[in-house]
1. Determine whether the stretch 76-86 contains at least one residue that is on the phi > 0 side of the Ramachandran plot and touching a residue at least 12 places away in the same chain (Cβ under 8 Å).
2. Restricting the search to the stretch 240-256, which residues are closer than 22 Å to Pro339 by Cα and out of contact with any Ser or Thr (no Cβ under 8 Å at 6 or more places or on another chain)?
3. Could we say that Val70 is among the aliphatic types (A, V, I, L, M), farther than 30 Å from Asn219 by Cα and without any contact (Cβ under 8 Å) to a residue 60 or more places away in the chain here?
4. Out of all the residues in the stretch 339-382, which are modelled with pLDDT of 95 or more and among the hydrophobic types (A, V, I, L, M, F, W, C)?
5. Taking the criterion of being in contact (Cβ under 8 Å) with a residue 40 or more places away in the chain and farther than 28 Å from Gly170 by Cβ, would at least one residue in the stretch 295-310 satisfy it?
6. If I ask for residues that are under 20 Å from Lys106 (Cβ atoms) and either part of a loop (DSSP other than H, G, I, E, B) or at pLDDT below 95 (or both), which ones from the stretch 161-171 would you list?
7. Could you please give the count of residues in the stretch 80-139 that are more than 27 Å from Ala181 (Cβ to Cβ), in contact with a helix residue (DSSP H, G or I) (Cβ under 8 Å, 6 or more places away or on another chain), assigned to a helix (DSSP H, G or I) and of a type outside the set (A, V, I, L, M)?
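The values are calculated or read from the model by the stated rules, or taken from the named source; none is laboratory data. Everything numeric here is computed off the predicted structure, so don't read it as measured data. Because the Cβ atoms are built from the backbone with ideal geometry, glycine has one as well, and the counts that use them run over all protein chains shown.
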Amino acid sequence: MRVVAAMSGGVDSAVAAARAVDAGHDVTGIHLALSRNPASYRSGARGCCTIEDANDARRAADVIGIPFYVWDLSERFHADVVVDFMDTYAAGQTPNPCLRCNEKIKFAAVLDKALGLGFDAVATGHYAQLRTDPDGLIEMHRAVDAGKDQSYVLGVLDQEQLRHSLFPLGDTPKEQVRREAAERGLLVADKPDSHDICFVADGDNAGWLREKLGDAAPNHGGDIVDASTGEVLGQHQGTYAYTIGQRKGLRIGRPAADGKPRFVLDIEPVSGTVTVGPRALLTVDRITADRPRWCGAVPEALTGTVQLRAHGEEHRAQVQVVGDIVEIALLDPAQGIAPGQAAVIYDGTRVVGSATITGTDRSVALTGTAPDSAADSAQGAR
């Protein structure tokens, strides 16, 4: 096959490209230019959008012996990932830009361009496994290395995208990938993994949003209110700086009446109110989600597991699908789940699909009170 290898400049994508060559494919390396001014994104080795990363990718392609090109997708990235990130936080929700980048850029824009140029597939350094079932459907499964598994951020891929995808590292532990990179003479063998959000230059999400949103921010301040008493505990400088479950940086001027730490329970951009409460009120066992993306057949009902964060634990769950609405009953309750996050659904190790969380709630069994109590209303309002 003719294969495009998406090379970020890190060790994983370099080894993935090399393995695609070993498998007999005709491989061309490409690096994605996601900003017209790379210095405005992250610098050094912490991200995947820097000049240093582009140079590392080019050197790796030279060692592997494959052609290498840079594809400018900066406008598409800004529109589909950066603006979505800003809008989602402005709406009082919590986005996952890496998941959106996979959906809109790496396996939509890149794959579409690759197919248009006559390539057959896109290979990446993601840790996930692909298998073909007896009916010919492509299944995506968790990686062998549980600590590096990235199936969560790939849960947005549909069957057509999976048919044109290669994940050469899914069957290999990360440390073995690093050893292999060194044996191949790849200089990125010991390069640190990227982390945080690539387009937030200093890792300060709140500061970045404050600067970029400017007058478009839904508010520039408001009350921090205790869910249990209704008391105003402090003031904030913009609801976009908060996410459900947050404890640090709450700007609480006085302690709550019970003396317990407070966590963000709800964010209301229109009123500018951030509602806080004790940790116990973060616990939810019901989730509503929309905008589902299915990796294969659409399920009507499923008892399986749900992952709610990129590096979070699995929760046993019962899933009901009605049209574009996904209702999830968590058999293992979760804490700090925010609208805007993705709920990725699994059947064993197989990824069934994902949906975007729109609301959470607490059952009577968890609260011991009717669900229209003040505390539950604050948590279940979104």
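1. Checked against the condition, which is being on the phi > 0 side of the Ramachandran plot and touching a residue at least 12 places away in the same chain (Cβ under 8 Å), the stretch 76-86 yields no hits at all.
2. Scanning the stretch 240-256 gives Tyr240, Ala241, Tyr242, Gly245, Gln246, Arg247, Lys248, Gly249, Leu250.
3. So Val70 fits the description; yes.
4. If the condition is that a residue be modelled with pLDDT of 95 or more and among the hydrophobic types (A, V, I, L, M, F, W, C), then Ala342, Ala343, Val344, Ile345, Val351, Val352, Ala355, Ile357 are the ones that fit.
5. Looking for residues that are in contact (Cβ under 8 Å) with a residue 40 or more places away in the chain and farther than 28 Å from Gly170 by Cβ, one finds none in the stretch 295-310, hence no.
6. Selection gives His164, Phe167, Pro168, Leu169, Gly170.
7. Number of matching residues: 6.
Results for (1) aliphatic (A, V, I, L, M); (2) at pLDDT 95 or above, shown as yes or no for each residue.
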residue	(1), (2)
Pro261	no, no
Thr275	no, yes
Thr303	no, yes
Arg309	no, no
Leu330	yes, yes
